[in-house]
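Asker: The structure is given below, and queries will be raised subsequently.
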Amino acid sequence: LRVVAVDEYQDVNAVQAQLVRLWAAGCPGGLVAIGDPDQAIYRFRGADCRHFLRFGEEWPGATVLRLGQSYRSTDIILQASRQALAGEHAGDGLWSGIAGDAKVLVRGFPSAEAEAEGVVQLIEQAVGGIGFFSLDSRRVGAGEAPGGLSFGEIAVLYRTHALAGLLEEALERSGIPYQRAGGRLAQEEVGLLLTVLSLIPAGRPLLPTVALEELGETVGGTAEQAATLVAQLALLGGPAARTQPVAPLLAQVLELLGGLVPAARRPLLALAGAHLGRLAQPAEELGSFLTRMALLREGDDLDPRAERVQLMSLHAAKGLEFPLVLIIGCEEGLIPFRRPGDEAWGPEDEAEERRLLYVGMTRARRRLVLSWAARRSPPFASPRQPSSFLAAIAEGLRQIEQGGCGPRRAGSAERQLLLEL
């Protein structure tokens, strides 16, 4: 090795940092580390941005280059994002010089259902409407100019996947195409197929009773059915299956599961099988495929060329950018995310939540919308309050609006709610 280069150095953990030191110790070119402590959002995985902050101490004589110009967001979005970050680390030195007078839109809604409909309305306005319903419902006015964006240039972000359900329903009702990173399909059907595929090379025709019961519940059957499935999988190749092509094994697994899962689930299973089939490289062996799937991050399953609204968590959005970004659920308990009764919550947790919001806000290139709802269904207690992080954004950088309960119709009065930051 001539030089060791590490990107996203703020996300390394203690073991990775030590490994990098060992690698770099014998390199004539030393170590090049690239990172941004303001985007350190993986503490829950063991990442420690202090390794980045102590870089100068650990590597005396190192040359430090600070990049202060952003080439993505307008200055208004960048300033608002820095204020939400509350001046952590080196954020104050950022600037972009990108023109744009659109303030950050902060919109409050009386309910989660109204928030979902409000997101649909904003998307329709951004693309200039998608049909006569947009005009009839007054979501897009007859005299309004088209928004000029395509669906693929819009992203809706959230802190937890639990917020995506109502949003998906509202988008489907309006006929707006979307794709969701780490959605129900990826979490359940794809996960089931990968679990079953991983059992093929295990070489264990029998699993413990508890494991069989869990597998039986997963496929919608019984422990006895799961035992039969495992025995059938053992006949597909045993340990040698790791070197066999993925495609024929996947086809056989789909056939086996087709007789176990409920009929209503089979179409989704077929879609998941097609999805994995596309991800598998031609003639790729099962072992390398399972390893590669285990390393996939949330969002890697999205098609960047698809003209669909992108739905994803704030974590999955890191590294991406969109002309329009909407962040929903900007409420206490969600942003910052804090489980009820969590006594271990502390300043470091709050700091990371601020950084996570900062990452989400700086995904926006031209327009940024932050929304919250006063009422949500369990497990999110009501009434709810806007996130305290929003109050840090100066009044001159934000535009506050109050959303109604749903689509506006001629002659109808919108329910209003008081928004105080």
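What follows is calculated from the coordinates using simple rules that are stated; it is not laboratory data. Bear in mind that the values here come from a model prediction, so they are computed numbers and not experimental data. In this analysis, Cβ positions are derived from the backbone assuming ideal geometry, glycine residues included, and neighbour counts consider all displayed protein chains.
Asker: Counting only DSSP beta bridges with both residues in region 228-378, tell me the antiparallel percent, nearest 5.
Answerer: Bridges in region 228-378 that DSSP calls antiparallel: roughly 25 percent.
Asker: Also, I was wondering about something else. Over region 332-392, what is the relative contact order in whole percent, taking alpha-carbon pairs under 8 Å and six or more residues apart?
Answerer: Result for region 332-392 is 39 percent.
Asker: While we're here: Near the amide H of Leu370, under 5 Å away, which other amide H atoms are found, from residues 5 or more places off or on another chain, if H is placed in the peptide plane?
Answerer: Leu105, Val106, Arg107, Ile327
Asker: For Pro383, what charge total do you get from the other residues with a beta carbon under 11 Å from its beta carbon, if Lys and Arg give +1 and Asp and Glu give -1?
Answerer: +1
Asker: How much net charge surrounds Phe337 when only the other residues with a Cβ under 12 Å from the Cβ of Phe337 are counted, with Lys and Arg +1 and Asp and Glu -1?
Answerer: Net charge around Phe337: -3.
Asker: Compute the signed sum of charges (Lys and Arg +1, Asp and Glu -1) over the other residues within less than 15 Å, Cβ to Cβ, of Gln244.
Answerer: Counting the neighbours of Gln244, the net charge comes to -1.
Asker: Another one. Roughly how many Å is it from the Cα centre of region 39-63 to that of region 370-392, as a whole number?
Answerer: Each part's Cα centre sits 33 Å from the other's.
Asker: Specify whether the C-alpha gyration tensor of region 11-94 places it in the rounded, prolate or oblate class, a ≥ b ≥ c being the square roots of the eigenvalues: rounded for a/c under 1.5, otherwise prolate if a/b is larger than b/c and oblate if not.
Answerer: Note, shape of region 11-94 comes out prolate.
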